[in-house]
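Each remark here refers to the structure printed beneath this line.
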Amino acid sequence: MDGCQEAIAGVLGAIAEAPKGLLLFHCTAGKDRTGLIAAFLLAIAGVDEAAIVEDYALTERLSGLLLARLRERALARGTNPRLIDIVLRSEPHNMQKAFDHLREKHGGLSPYLATLGLSQQAREQLATRLKET
């Protein structure tokens, strides 16, 4: 999250500015970049951190077929199977570490979003949008 602040700000800003209605955001496996954005959105909407951590862990169980295909492709390229398994996991402690990092390094999500350059208005738009859906 510290090395891709511009991209995170862009995604959150685009979601804040998007017209009302459903919105889709994703990445390759839908667990790391997407998981972080989803976690931020859930936190902005007031969802409890423990629930967000558990929700992240669901990704591994619910994305089994996709993750199996990604594993097959990586194996075909000669990637170390142990590394593949580590990368494709969605363990709750990883999301918990992300929240801990936010608190320790940035003082929490709100200050982090401010350092991204996400205006208070954009943060309020996100909160309103998420509570309306």
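So which residues in region 121-133 are assigned to a helix (DSSP H, G or I) and touching a Leu at 6+ places or on another chain (Cβ under 9 Å)?
Taking region 121-133 and keeping what is assigned to a helix (DSSP H, G or I), we get 121-132.
Of everything in region 121-133, those that are assigned to a helix (DSSP H, G or I) and touching a Leu at 6+ places or on another chain (Cβ under 9 Å) turn out to be Ala122, Arg123, Leu126, Arg129, Leu130.
For (1) over 14 Å from the mean Cα position of the chain (by Cα); (2) at positive phi; (3) open to solvent by 30 Å² or more (accessible area, probe 1.4 Å); (4) of a type in the set (Asp, Glu), each residue gets a yes or a no:
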position	(1), (2), (3), (4)
Glu17	yes, no, yes, yes
Leu24	no, no, yes, no
Leu41	no, no, no, no
Asp48	yes, no, yes, yes
Ala51	no, no, yes, no
Arg61	yes, no, yes, no
Arg69	yes, no, yes, no
Glu72	yes, no, yes, yes
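Taking region 110-120 as the region of interest, how many residues are surrounded by fewer than 18 Cβ atoms within 10 Å (Cβ to Cβ) and either touching a residue at least 24 places away in the same chain (Cβ under 8 Å) or not in a helix (DSSP H, G or I) (or both)?
Narrowing region 110-120 to residues surrounded by fewer than 18 Cβ atoms within 10 Å (Cβ to Cβ): 110-111, 114-115, 117, 119-120.
When the remaining residues are screened for being either touching a residue at least 24 places away in the same chain (Cβ under 8 Å) or not in a helix (DSSP H, G or I) (or both), the result is 115, 117, 119.
Total meeting the criteria: 3.
Looking at region 29-64, which of the residues that are part of a loop (DSSP other than H, G, I, E, B) and touching a residue at least 40 places away in the same chain (Cβ under 8 Å) is farthest from Arg129 (Cα to Cα)? Before you say what the answer is, go through the steps one by one.
Applying the first criterion (part of a loop (DSSP other than H, G, I, E, B)) to region 29-64 yields 29-32, 45-48, 63.
With touching a residue at least 40 places away in the same chain (Cβ under 8 Å) added as a condition, the list becomes 29, 31, 45-46.
Numbers: Ala29: 25, Lys31: 22, Ala45: 9, Gly46: 12 Å.
So the residue we want is Ala29.
List, please: which pairs have Cβ atoms under 6 Å, are six or more places apart or on different chains, and start with a residue in region 1-28 that is within 19 Å of Ser119 (Cα to Cα) and end with one that is among the polar types (S, T, N, Q)?
Ala16/Gln125
Looking only at region 108-120, filter to residues that are touching a Leu at 6+ places or on another chain (Cβ under 8 Å) and of a type in the set (A, V, I, L, M); which one of those is nearest to Gly13 (Cα to Cα)?
Filtering region 108-120 for residues touching a Leu at 6+ places or on another chain (Cβ under 8 Å) gives 108-109, 112-113, 116, 118.
Remaining after also requiring of a type in the set (A, V, I, L, M): 109, 113, 116, 118.
On the way: Leu109: 15, Leu113: 10, Leu116: 10, Leu118: 7 Å.
Among residues in region 108-120 that are touching a Leu at 6+ places or on another chain (Cβ under 8 Å) and of a type in the set (A, V, I, L, M), the one nearest to Gly13 (Cα to Cα) is Leu118.
Name the single residue that is farthest from Val53 (Cα to Cα) among those in region 82-98 being open to solvent by less than 60 Å² (accessible area, probe 1.4 Å) and modelled with pLDDT of 80 or more.
From region 82-98, those open to solvent by less than 60 Å² (accessible area, probe 1.4 Å) are 84, 88, 90-92, 95-96, 98; that's our starting set.
Filter once more, so that each one left must be modelled with pLDDT of 80 or more: 84, 91-92, 95-96, 98.
Details: Ile84: 22, Glu91: 9, Pro92: 5, Met95: 6, Gln96: 6, Ala98: 10 Å.
Restricting to residues being open to solvent by less than 60 Å² (accessible area, probe 1.4 Å) and modelled with pLDDT of 80 or more, the top hit is Ile84.
Only one of (1) modelled with pLDDT of 85 or more; (2) within 19 Å of Arg129 (Cα to Cα); (3) not hydroxyl-bearing (Ser, Thr, Tyr) is not met by His26, so which one is it?
Among (1) modelled with pLDDT of 85 or more; (2) within 19 Å of Arg129 (Cα to Cα); (3) not hydroxyl-bearing (Ser, Thr, Tyr), the lone unmet condition for His26 is (1).
The values are calculated or read from the model by the stated rules, or taken from the named source; none is laboratory data. If you're wondering where the values come from, they're calculated on a predicted model, not measured in any experiment. Virtual Cβ from ideal backbone geometry, glycine too; neighbours counted across all protein chains shown. Calculation scope for accessible area: heavy atoms of the full protein, side chains included, ligands and nucleic acids excluded. Shrake-Rupley method; radii C 1.70, N 1.55, O 1.52, S 1.80 Å.
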